[in-house]
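The values are calculated or read from the model by the stated rules, or taken from the named source; none is laboratory data. Values in this document were obtained by computation on a predicted structure and should not be read as measured data. Cβ placement follows ideal geometry from the backbone for every residue including glycine, while neighbour counts extend to all protein chains displayed. Areas reflect the complete protein model, heavy atoms only, side chains present, ligands, DNA and RNA absent. Shrake-Rupley method; radii C 1.70, N 1.55, O 1.52, S 1.80 Å.
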Amino acid sequence: MSETNKYSLNFIGFCPKRSSKSEKFRYFYSITDTKSLWQRAWMPFRFAQIVQKVRPKIVICCTWEYLPIAKLLKRIYGFKLIYDVQENYVANLNLNPERGTISRFLAKSLISFSESKNGIDHFLLAEKCYEKEMPKKSPALVLPNLYAGEKVKFKPVFLDLNTPLQLLITGTLSPSFGTENALLWFIKLSDKLPQLKLKIVGHCTLKSFQKRVENLSKNYPNISLNISENPILHEEIIEEMKASDLLLLAYEDRAEFRSKMPTKLYECAGLNIPILHTPNSQWQEFLAPFNGGKSINFLNLNQAETQFKSALQEPFFSQNPPLEIYWDTVKNSFLEIL
């Protein structure tokens, strides 16, 4: 949007540290502590204050929590309301083992009410599968989580087992995202290949799970942790990926994940970084043409060494990834709906 020179852009949301001042953008803070209940309760009112101040022509909501107040404010100020559907939030409630049945039911009802079509002019869907999972969200434009960084020069990646290869687990850290499965797999693997290193960098909302990961890792000097209760800046995640030889994508085989294309698939393809991933036919179909990654059964600990050595037998990135991994290929479709 900024490239068109047609829009004055204002951002509101959570950020762990102050954004640098910019002549092109204005930043507003909705919340400074994600664990504070009173701050979360105040968020809609804070949002209303900023809308009153900015008087926008277009509002793009990237979270369902702002939708009820945004729909109300739309009646007053007449802006166009676009909902950026980044997750299937109702389905994702099934991934939290600490949420009870009644709590899950109430949360699903609240989200479904907030996301109802009434008052929303257009939907952006981060996954192709959301068209089937959420057919009432229309009109909709599918905008996959494509790679938006600088283009690199691709080259074949040969990984030598005799070198201290750096493996990485990053993103959301939870049981359903396979963090523990990948960690236990690496521990078993490093018993045979002690030269390997693992770094875990990510956002963990479950304190009990963070403690478990820390306990499992504490006796292994080749495992380093950078776990935060708040989201980690995307730039930091990208730098960690660039410093790694292999990314582990160990999502559990669940209906909530099976049809999704995680952002890291496109980012690793764009950064020339190989992936070892949970068996998934859609991911394999995406990676196979350029050999961007291999399938690993992270639950089969007895075969950890065998599978790992087999995955590294041939070079990764024997071909260049397709141009469709880049955000540039879809950005015009986004601009057309504004």
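Name the residue that is surrounded by the most Cβ atoms within 10 Å (Cβ to Cβ), counting only residues in region 268-302 that are hydroxyl-bearing (Ser, Thr, Tyr) and in contact with a strand residue (DSSP E or B) (Cβ under 9 Å, 6 or more places away or on another chain). Once the filter is applied, the top-ranked residue is THR278. Does region 61-69 contain any residue that is closer than 24 Å to LYS6 by Cβ, out of contact with any strand residue (DSSP E or B) (no Cβ under 6 Å at 6 or more places or on another chain), of a type outside the set (Gly, Ala, Ser) and crowded, with 17+ Cβ neighbours inside 10 Å? Scanning region 61-69 turns up at least one residue that is closer than 24 Å to LYS6 by Cβ, out of contact with any strand residue (DSSP E or B) (no Cβ under 6 Å at 6 or more places or on another chain), of a type outside the set (Gly, Ala, Ser) and crowded, with 17+ Cβ neighbours inside 10 Å. For region 134-143, enumerate the residues that are open to solvent by less than 80 Å² (accessible area, probe 1.4 Å) and out of contact with any Leu (no Cβ under 9 Å at 6 or more places or on another chain). Hits for region 134-143 are SER138, PRO139. Checked against the criterion of being farther than 23 Å from ILE69 by Cβ and in contact (Cβ under 8 Å) with a residue 60 or more places away in the chain, region 113-126 contains not a single residue that satisfies it. Of LEU81, LEU67, LEU73, LEU9, all but one fail to be closer than 28 Å to SER228 by Cα and at pLDDT 90 or above; the exception is LEU67. Among residues that are within 19 Å of TYR266 (Cα to Cα), within 22 Å of the chain's Cα centre (by Cα) and open to solvent by 50 Å² or more (accessible area, probe 1.4 Å), GLU127 is not included. Flag set for GLU285, criterion: farther than 23 Å from GLU150 by Cα, free of Cβ contacts under 8 Å to residues at least 60 places away in the same chain and not small (Gly, Ala, Ser). Scanning region 33-45 for residues that are open to solvent by less than 100 Å² (accessible area, probe 1.4 Å) and either of a type in the set (Phe, Trp, Tyr) or free of Cβ contacts under 8 Å to residues at least 40 places away in the same chain (or both) yields ASP33, SER36, GLN39, ARG40, ALA41, MET43, PRO44.
Of everything in region 241-257 that is under 15 Å from the mean Cα position of the chain (by Cα) and open to solvent by 20 Å² or more (accessible area, probe 1.4 Å), the residue that is farthest from MET134 (Cα to Cα) is TYR251. Could you tell me whether ASP191 is out of contact with any Lys or Arg (no Cβ under 9 Å at 6 or more places or on another chain), closer than 19 Å to SER295 by Cβ, modelled with pLDDT under 95 and acidic (Asp, Glu)? Against the criterion (out of contact with any Lys or Arg (no Cβ under 9 Å at 6 or more places or on another chain), closer than 19 Å to SER295 by Cβ, modelled with pLDDT under 95 and acidic (Asp, Glu)), ASP191 does not qualify.
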